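The values are calculated or read from the model by the stated rules, or taken from the named source; none is laboratory data. Computed from a prediction, not measured in an experiment: that's the story for all the values here. Cβ atoms come from the backbone with ideal geometry, glycine included; neighbour counts cover every protein chain shown. Calculation scope for accessible area: heavy atoms of the full protein, side chains included, ligands and nucleic acids excluded. Shrake-Rupley method; radii C 1.70, N 1.55, O 1.52, S 1.80 Å.
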Amino acid sequence: MMQVRCQWCGWSYTLKSEAVEAAVAAAEAAKATHHVENCPKCRRALKIQISEMKRRLPRKSGTAGAETSS
């Protein structure tokens, strides 16, 4: 989850993890550096850096593929 605050009206809202993952995937496919999100209150466009969105993604556990059998 990611908290976003509108720079125009000050409204604060939360982006779900699924929305952040989809935005990062779409931006990487388009080689973009920003994602444009519209404020739900005033409908003005907000630019959010992809690097900031990547930091808010849940971490993937890297131990799933490294299991050893005894």
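General remarks:
- Net +/- balance of residues flanking Gln7 in space, Cβ distance below 11 Å, scoring K and R +1, D and E -1: +3
- Lys pairs under 22 Å by Cα in the chain, provided they are eight or more residues apart or on distinct chains: 6
- Average accessible surface area per residue within the chain, 1.4 Å rolling probe, Å²: 78 Å²
- Leu46 long-range amide H proximity, modeled H, under 5 Å: Glu37, Asn38, Cys39
- Computed [θ] at 222 nm, deg cm²/dmol, the chain (DSSP H ≥ 4; -39,500 (n - 2.57); rounded to nearest 500): -9000 deg cm²/dmol
- Folded to 0 to 90 degrees: helix 17-30 orientation relative to the chain principal axis, Cα: 90 degrees
- Evaluated over the chain, the Cα radius of gyration and Dmax, each in Å: 15.7, 59
- Accessible carbon and sulfur surface of the chain relative to its total accessible area, %, 1.4 Å: 50 percent
- Phi angles across segment 38-46 convert, under the Karplus curve 6.51 cos²θ - 1.76 cosθ + 1.60 with θ = phi - 60°, into 3J(HN,Hα) values of 9, 5, x, 8, 9, 6, 7, 7, 10 Hz, Gly and Pro given as x.
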